[in-house]
1. Can you find, among G31, V59, S119, the residue sitting farthest towards the positive end of the charge dipole of the chain, where Lys and Arg contribute +1 and Asp and Glu -1 at Cβ?
2. Treat every Asp and Glu Cβ in the chain as -1 and every Lys and Arg Cβ as +1, leave all other atoms uncharged, and give the resulting dipole magnitude about the Cα centre to the nearest 20 debye.
3. From the helices alone, meaning DSSP H stretches of at least four residues, give me the mean residue ellipticity at 222 nm for the chain, per-run term -39500 (n - 2.57), in deg cm²/dmol to the nearest 500.
4. With viscosity set to 0.692 mPa s at 37 °C, what whole-number translational diffusion coefficient in µm²/s follows for region 80-138 from Stokes-Einstein and a Kirkwood radius over Cα pairs?
5. Taking N as the number of residues in the chain, what value does Rg over Cα atoms divided by 2.2 N^0.38 Å take?
6. Once the Cα atoms of helix 22-36 and of the chain are each reduced to a long axis, what angle between those two axes, in degrees from 0 to 90 to the nearest 10, is obtained?
Amino acid sequence: MPFTTDALVRFADVDPAGIVFYPRYFEMLNGAVEDWFAQDIGVSFAAMHLDRRVGVPTVKLEAEFIAASRLGDVLEFAITPLRLGRSSCTIDVSVNCGGEPRFRAEVALVCMDLDRHKSAPWPDDMRAGIERILVPAD
């Protein structure tokens, strides 16, 4: 079962045409990933970055813009981990509004030691949280 979180399309997210300006989807996506770690994996970005000195930068992203989103829309972000490596995790992110697909992305995250600026194995608790909802890609 994927992790889900909602994002409201705000005035700052839309362009003069009244639709989401595409880079804003990436900001919302990052917010959804942050929610996933805090609410589902059990480690907030604050604890991860400031206390544990671990980051999860995006190293690869493939996106598809399916339909326009507008001011006031509530977008549902569904995150499903597809692949989990020693220090990497590939997730599928599906974004819908009222059941209508709007945006989809496949994102590769890497667990990184912030002091050494190098990849690091996933901490055991984070790995277990990811594995709990892991759905292998076809």
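Any read-out appearing in this document is the output of simple, stated calculations on the displayed coordinates, not a laboratory observation. As the structure is a computational prediction, the values presented were derived from the model and not from experiment. Glycine gets a Cβ as well: all are built from the backbone with ideal geometry, and neighbour counts include every protein chain shown.
1. S119
2. Around 360 debye, computed over the chain.
3. Numbers: 2 runs with 24 residues, N = 138.
Dividing the helical sum by the residues of the chain leaves -5500 deg cm²/dmol.
4. Details: Rh = 12.7 Å.
Answer, rounded: 259 µm²/s.
5. 1.07
6. Value to nearest ten degrees: 40.
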